1. If the reach is capped at under 18 angstrom between alpha carbons, list the aspartates and glutamates near K5, excluding any in the same chain fewer than eight residues apart.
2. Among H543, H570, which comes first, then next, by fewest other beta-carbon atoms within 10 Å?
3. Let me have the relative contact order for the chain, percent, based on Cα pairs under 8 Å that are six or more residues apart.
4. Sorting R524, R446 on the 10 Å Cβ count, fewest up front, what's the list?
5. Quick check: residue separation of N647 and A456 times 0.36 nm, minus the Cα distance between them. What number comes out in nm?
6. Could you tell me the relative contact order of segment 192-424? Use alpha-carbon pairs under 8 Å, at least six residues apart, and round to a whole percent.
7. Assuming R0 = 35 Å, can you tell me the calculated FRET efficiency for the pair E417 and A663, based on Cβ-Cβ distance, to the nearest 0.05?
8. I'd like the orientation of helix 597-609 relative to the chain: the angle between its Cα long axis and the longest Cα principal axis, in ° from 0 to 90, rounded to 10.
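Values in this text are rule-based calculations from the coordinates and carry no lab data. Bear in mind that the values here come from a model prediction, so they are computed numbers and not experimental data. Ideal geometry is used to build each Cβ from the backbone, glycine not excepted, and the neighbour counts take in all protein chains shown.
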Amino acid sequence: MKIEKVAVIGAGTMGSGIAGQVANAGVEVWLLDLPQDDNPNALAERGLERLRDPNAPGLLSKAQEANIHLGNTRDDFDRLAECDWIAEAVVERLDIKKDLYRRLDAVIKPGAIVTSNTSTIPIRLLVEDMPQDFRQRFAITHFFNPVRFMRLLELVRGEDTDPAVIDLLADFCEQQLGKGVVPCLDTPGFLGNRVGVFAIQCALHAAFDLGLTPLEADAIFGRPMGIPKTGVFGLYDLIGIDLMSDVVQSLVDILPESDPFHAEAARIPLMTEMIANGQTGNKGGRGFYRDGDNGREVLNLASGEYEPASRLNLPLAERAERDGAGVLLEDDGRYGEFAWRVLSRTLSYAASLIPEVGDDPVGIDDAMKLGYNWIQGPFEMLDAIGVDSFVARLERDGMSVPAYLAQAAGAGFYRAEAGRLESRQAGGQWQPIQRPPGVTRFSELRQTLAPQNSCAVASWFDLDGIALVEFHSKANALDADSMAMLADALDRVENDGMRGLIVHNDAQHFSCGVNLQCVRDFFRREDMDGLDRFLADFQQTVHRMQTADFPVVAAPVGMSIGGGFEVVLHAKQVICHANSVTGLVESLVGVVPGGGGCKETLYRWIELLGCSDDISEACWKAFMNLGYGKTATSPLIARRQAMLRPNDRYLINRDRLLDEAIAAIDDPSGQAPFLRPELSLPGRPLFEEMVQWLEQSRDKGMFMPHDVNVGSEMARIVTGGDVDPGTTWSEQDFYDAERRSFLALVATEQTRTRINTMLDEGSPVRN
């Protein structure tokens, strides 16, 4: 059996998200909800609107909407007879779900699979009244919100579920929906929410008990712990304080009384008052944070009043973000106490769940990384901190040590053995980590390898004759050392006859651009010659990627913006993730792309438009892309914006990128050569037309004064500026023009102010 048509019942946040991801996979899907009086399909239409949210688009592009059919459970229920998989995502009420299953059983075709998205109702209760045939085809598929972006799918089988059904769902969800499928036992909260909500509650209560402000707690319980920067209070606001309170209560209701979760679940009076006052978080415009008249404000937990959310300067947090969460535990102050309370309880709790929820740590670690965006799972974090020292401190503090944690003393939970990564089982034995065929996570593979060359910000590895370059600085920002590592790998491939080069990492983002602090260091020293040399070296290094006589593949995930995207632009083939975000955003901080981005944007628009005889239209397109700092939120949009070429492609599962990139190295047909001939430029007339447009837009209030300066430099590069029409430029001429404009802008006080505010306050000033 194949899954070729899907139905989702329930068009709320989760149901619409599931339907959207099915549509992204190119699979036909019906989205049904209860009929409404005036417009029977109103709820399903509202679900589709959610997918269109420009701030968190659930679809790769508008074209995917054609795969979605909207309906209701009265008029379109018979359509379910056509479907191979029916995913239920209705309200968490057992009686409503049971009534729906009885209706489904009378309509669906033999062999059709039915699943629930529940995380609070045991599977045995869901199907206890259903016939054996139905129970054999039933499972829980627990997605995480937002479905397009959160990689975790918890797959739960019941006592009667046919193993073939589980295999089919696992294959479909992994290969076509792009999920990291984690098999789960039918235990309360499964894995992700069981550990994740416990950690959040630990941080919440610890912050209140220790008198930390939301800003302080979020600064520690965030990136320094390898957790998303929303922290705990920001996450409560994001999810909704009322909704998050309901999630906590649902776990209270289903977990046994002996579970340590209950000690972290007590209601906090201030939060009860906030819910009553409508202070429910982002959806209500105010929660622990809000946007005030003079900027962002934070709630004073003692007074209940809002006050300015001044940016904190916490060197401890910065060191921990760079060197790992173990740094936090060395602190003797309140922040160290807060970190120890959260980590000691959370990591011990995770260890106490083995073997109740599974026999090894991989499932829990995967759940936290894929479902909560932790950089490391709890057991990986324990290995990084040091199991022995962690256990010793638990014992000093009189805390219990779970048996599975004690068992790992002296050895840890993971090890590299004979080129394989192994995990410790509940019984003490070691087993290789098994991934589906075609799935390789470089974060795991790199633990079995020694780099050929490495520095603080980048490394490169030899994968059986293929050089793989990994950026690994904060946000994978690029500097001179990053480019030196890339150049060294290019040298070795060229000189040693290696098969090719891949640029890839398994971090949240491929690269968020050039390290602005390095740029600031140059202009603070007034070392413009040094800055020029850095830009020239960057240009020539990426130029070598495009002109190499061997295969060069970029395999980016997450954001590839600014200088990071300039690296991607010069690969001979790009194999990216479906959720990749790409673009050249330098205009926001008052500079132009200086690593070949302006040049490459122009050439690609010429190719896309087929206008090599008169490039004026391509100049306008490039000017608009660069000036507005346009980004593409999917490869489909990127291709329309001339950011990807016809030979570039994307995969919906990011865990398959590395294997595909390796295969591409050995398939030269996918390597498109860069032909960058000299161009006849439109020159002065078009340049002046663009500058006039900028000035008129400024006068209408659309742009700030310095936007005109930056945009004028963009125009100067793509048109040739003050040159006669018909003047020809080579590729090197464009490189030189980029550097001249970059340096001219960095010399201005306005650009320096933008860069300073970006680095010091987190966003650039408009000036």
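1. E28, D33, E65, D76, D78, E82, D84, E88, D105, D167, D171, E174
2. Fewest-to-most ranking of H543, H570: H543, H570.
3. Relative contact order here is 8 percent.
4. R524, R446
5. 65.4 nm
6. In percent, rounded to a whole number, it is 20.
7. 0.85
8. The helix 597-609 is inclined about 90 degrees to the chain.
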